[in-house]
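Have a look at the structure below before the remarks.
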Amino acid sequence: MPIARAARRTAVRLGAVVLTGALLAACGSSTDGASGDGAGGEVTVTVDLFGSFGYKEAGLYAEYERLHPGVTVKQTDTEDEADYWKSLQTRLAGGGGLADVQGIEVGRIASVTQQQAERFEDLRKYGAEALENRFAPAKWAAATGKGGEVLGLGTDVGPEAMCYRKDLFEQAGLPTDREELAKKWATWDGYLELGKRYKAKAPGRSAWIDSVGSLYSIMIGQEKERYYDASGKLIWEDNPALRTAWDHAVEAARGGLSAKLDQWSPQWNQAFAAGSFATLPCPAWMLGYIKGQAGEAGKGRWDVAALPGGAGNWGGSYLTVPRAAKHKKEAYELIEWLTAPEQQTRLFEKQGNFPSATGAIDEVAGAKDPFFSGAPIGKIFGDAAKAAPVQVLGVHDQNIAQQITNALSEVERKGTSPEEAWSNARKGVENTID
Amino acid sequence: MTLTAPPAPAVPRTVPPAPPGAARRAWRTVSPYAYLAPFFTLFVAFGLFPLLYTAFVSLYRVELQTPGDMEWRGLGNYTALLRDAYFWVSLRNTFTIGVLSTVPQLVMALGLAHLLNHRMRGRTFLRTAVLLPYATSVAAATLVFAQLFGRDFGLINYVLGLVGIDPVDWQNGTVASQIAVSTVVIWRWTGYNTLIYLAGMQSVPVELYEAAAMDGASRWRQFFHVTLPGLRPTILFTVVVSTIGATQLFGEPLLLEGSVSGGISHQYQTLGLYLYEQGWGFFHLGRAAAVAWVMFLLILVLVGLNALIARRRSRKEAGR
């Protein structure tokens, strides 16, 4: 009996020691085994993206797997880019849990090239410099580091247009023809004027536009210099173009033209089906999102017209390979294939993400989309892509934009005075930059 | 309690100790520490070290993108904090949301506990049921509540509409959004506090109630004059725990809209969320560390204040 008790006591003691050891060991081990490599050259390439790149929907992964036996592509996706960026930065700092391919938004690419070049693979190692003439020069240059490193391959660009609900326009007695509308809203004042006419006879409780935040974003996309000048100096506060965009957004907010929604929020998603707004500023990548949210029922109700106030660019992305990736070579092969002109063409035709590869831009010139009432999206977005200014990019672009749209939302939803909102935006930007 | 009481006489050992080998004796002196070691190892690794390292980091400018380049700031992060209007906004929000959530929660818990303390059918089932919200994850609960509180398509606004009340903007209104956040907290924690109160009530001697009943005290008077005084230590405990919880409130405001700023005008940003925005929204790790320390000190002060008030009250009672 005493022996048994002693044995049990020893066992408990041992157990405690083992447990402590196991806990400590668990903390020490890194996050291995994210992608299992089976025997016989089986490789799983992981891809981590945000928003709607549309590769899976367009069937590109399936085709790549068919062309490369033994390779499996696994994608994870975060809807909101801000959340994606947070999680990516945390993983980059920790050095673990990174996918083999990470998507980067154009508003963040300056942060990658200027601050974090050493955390991403220089794709010249795999022969990427030969791809330079595939891309528009500005797209290529933006992902090039100080020492000429090639840190990412361009996916799409975001030429801007205006998407609108034909059926709602008709009910409100507005013209529905895209050519006629493009003339009527040749300027932003014309656009807001039409908005007032819409509001007077709006069907149901629908508003003219989803949010003043998206209105601001599309307008600022028409400018060459936004938050920084070419020398890298912060100029947003004294930028007259920014101020003009702000004033127009304030006018829309005060005129009650907005449905007061937050882009990418669940409420915003629900509003597509409910028809809560008649126009939605749409960079090309938004087309796929509209299709996804409006569903089959939305087919033929939507249309696309040229953007008020000239051409612009909002967004567009890059694919990168982090240093800490497991299958760098395979990852590079995948992104080289995904960003090749043929695949970019197919992606545009299926999903609407506009190609950044020069070869593909001519290829898609004749594309039309039945979902958007047969609108010649190839021509509309192609013209916009050619005329859009080459934007000056800065490290904090995305965060500054977020502070400004937040402030505009205050005017829109809380009735804050524009002066107070502007000073709130300034406070926010100061916090952002430190 | 008297300290002068003589030590209790040693109980004679019935089992004679094993031959006292030197190793055995050494083990006897060391073993208590060995038993405590697992806890302290974990505490040092995950409690003490982060605490001290956070203090160290808070004196530097450290960015998440470039954690290697640490730049000495001294108390710069702290002064920047005190100058930031949004820090004060979030401090105020933490306080108002804390009051909005803690007070109704504890009052309701007390009432529920009182009801559950009666003999009735299905008592065990009801007692278990009140704990269910506590077992739900913050994320799941908050996401469901966010849907209910939707401005355009939410159930709550729909019901309000039925009785002729205009839709409330539960996300953007300052008071409305704070009520929305508090509702989630109240829903999750009321049951937990109910059970704690219930346990406290059951330790109040039945004789006291019988005596009170014999003196002709009604149920209400019994509640106020027997139950409440008997529950004082329990109430103090729940107030302290709720105060700490309210100071650290984070998940609910973050997930209401998924906004790190706690809404477009920081209307429901708590200190916890402010810390997160600094650290993982803007990647200012040094600044975030400074916020963490300010929060830590704040909690110490609040708990100290609680203890002081409690001690003064009990002294007053004793002096009566």
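Summary of values
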{"quantity": "Per-residue average of Cβ from other chains inside 10 Å of A:259-272", "calculated": "3"}
{"quantity": "Kirkwood-type radius of chain A, with distances r between different C-alpha atoms, in Å", "calculated": "23.4 Å"}
{"quantity": "Radius 15 Å from Cβ of A:GLN344, net charge of other residues (Lys, Arg +1; Asp, Glu -1)", "calculated": "-4"}
{"quantity": "Dipole in debye (nearest 20) - chain B, about Cα centre, beta carbon charges: Lys, Arg +1; Asp, Glu -1", "calculated": "1560 debye"}
{"quantity": "Euclidean distance of C-alpha centroids, the range B:104-145 and the range A:229-282, integer Å", "calculated": "44 Å"}
{"quantity": "Solvent-accessible ranking of B:MET214, B:MET295, largest area first, probe 1.4 Å", "calculated": "B:MET214, B:MET295"}
{"quantity": "Normalised per residue, the volume of the convex hull around the Cα set of the protein assembly as shown (Å³)", "calculated": "257 Å³"}
{"quantity": "Within-11-Å neighbourhood charge of A:TYR126 [Cβ basis; K, R +1; D, E -1]", "calculated": "-2"}
{"quantity": "Number of partner chain Cβ atoms within 10 Å, mean per residue of B:260-267", "calculated": "6"}
{"quantity": "Local net charge near B:ILE156, Cβ-Cβ under 13 Å (Lys/Arg +1, Asp/Glu -1)", "calculated": "-2"}
{"quantity": "Viscosity 1.002 mPa s, 20 °C: Kirkwood-radius Stokes-Einstein D of the range B:161-264 over Cα pairs, µm²/s", "calculated": "126 µm²/s"}
{"quantity": "Of all accessible heavy-atom area on the protein assembly as shown, the percent that carbon and sulfur account for (1.4 Å)", "calculated": "62 percent"}
{"quantity": "Normalised convex hull volume, the range B:84-283, alpha-carbon set, Å³ per residue", "calculated": "146 Å³"}
{"quantity": "Fraction of antiparallel bridges per DSSP, chain A only, in percent to nearest 5", "calculated": "65 percent"}
{"quantity": "Loss of accessible area when A meets B, both sides summed, Å² nearest 100, probe 1.4 Å", "calculated": "3300 Å²"}
{"quantity": "Estimated vicinal HN-Hα couplings, Hz - the range B:21-30 in sequence order (Karplus 6.51, -1.76, 1.60; Gly, Pro = x)", "calculated": "x, 5, 5, 4, 5, 4, 4, 5, 6, 7"}
{"quantity": "Cα-projected label distance for B:LEU148 with A:SER87, points at 7 Å along beta-carbon direction, nm", "calculated": "2.7 nm"}
{"quantity": "DSSP-defined antiparallel bridges as percent of all bridges, the protein assembly as shown, nearest 5", "calculated": "70 percent"}
{"quantity": "Ranked packing of B:165-174, A:46-55, B:44-53, most packed first, by mean Cβ within 10 Å", "calculated": "A:46-55, B:165-174, B:44-53"}
{"quantity": "Separation in nanometres of the label points that stand 7 Å from Cα toward Cβ, at B:LEU155 and A:GLU430", "calculated": "4.4 nm"}
{"quantity": "Estimated dipole of chain A in Debye, rounded to 20 [Cβ of Lys and Arg +1, of Asp and Glu -1, Cα centre]", "calculated": "1220 debye"}
{"quantity": "Gap separating the Cα centres of the range A:296-331 and the range B:152-220, nearest whole Å", "calculated": "48 Å"}
{"quantity": "Residue-wise HN-Hα coupling along the range A:172-182, computed from phi with Karplus coefficients 6.51, -1.76, 1.60 (Hz; x: Gly, Pro)", "calculated": "8, x, 9, x, 10, 6, 5, 5, 5, 4, 4"}
{"quantity": "Magnitude of the charge dipole, the protein assembly as shown, Cβ model with Lys/Arg +1 and Asp/Glu -1, debye to 20", "calculated": "4340 debye"}
{"quantity": "Inter-part distance where the range A:59-86 and the range A:367-434 are each reduced to a Cα centre, Å", "calculated": "27 Å"}
{"quantity": "Within the range B:294-316: backbone nitrogen closer than 12 Å to the B:LEU51 label point (7 Å, Cα to C-beta)", "calculated": "B:296-297, B:300"}
{"quantity": "Label-point gap, in nm, between A:THR244 and B:ALA140 - each point 7 angstrom along Cα→Cβ", "calculated": "5.4 nm"}
{"quantity": "Chain B - accessible surface per residue (Å², probe 1.4 Å)", "calculated": "58 Å²"}
{"quantity": "Entries of A:LYS329/A:LYS350; A:LYS299/A:LYS414; A:LYS328/A:LYS379; A:LYS139/A:LYS328; A:LYS146/A:LYS224; A:LYS166/A:LYS201 with Cα pairs more than 25 Å apart", "calculated": "A:LYS329/A:LYS350; A:LYS299/A:LYS414; A:LYS328/A:LYS379"}
{"quantity": "Amide H contacts under 5 Å for A:PHE135, placed H, 5+ residues apart", "calculated": "A:THR358"}
{"quantity": "Positive-end extreme of charge dipole, the range B:172-318 - chosen from B:LEU298, B:ILE309, B:TRP189 (charges on Cβ)", "calculated": "B:ILE309"}
{"quantity": "Other-chain or far-sequence residues with amide H under 5 Å of A:ASP77's (modelled H)", "calculated": "A:LEU49"}
{"quantity": "For A:79-86, mean number of other protein chain Cβ atoms within 10 Å", "calculated": "2"}
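The values are calculated or read from the model by the stated rules, or taken from the named source; none is laboratory data. All figures in this text were calculated on a predicted structure; none of them were measured in a lab. Methodologically, a virtual Cβ is constructed for each residue, glycine included, from the backbone with ideal geometry; neighbour enumeration extends over all protein chains shown. Note: accessible area is taken over every heavy atom of the protein model, side chains too, but ligands, DNA and RNA are not part of it. Shrake-Rupley method; radii C 1.70, N 1.55, O 1.52, S 1.80 Å.
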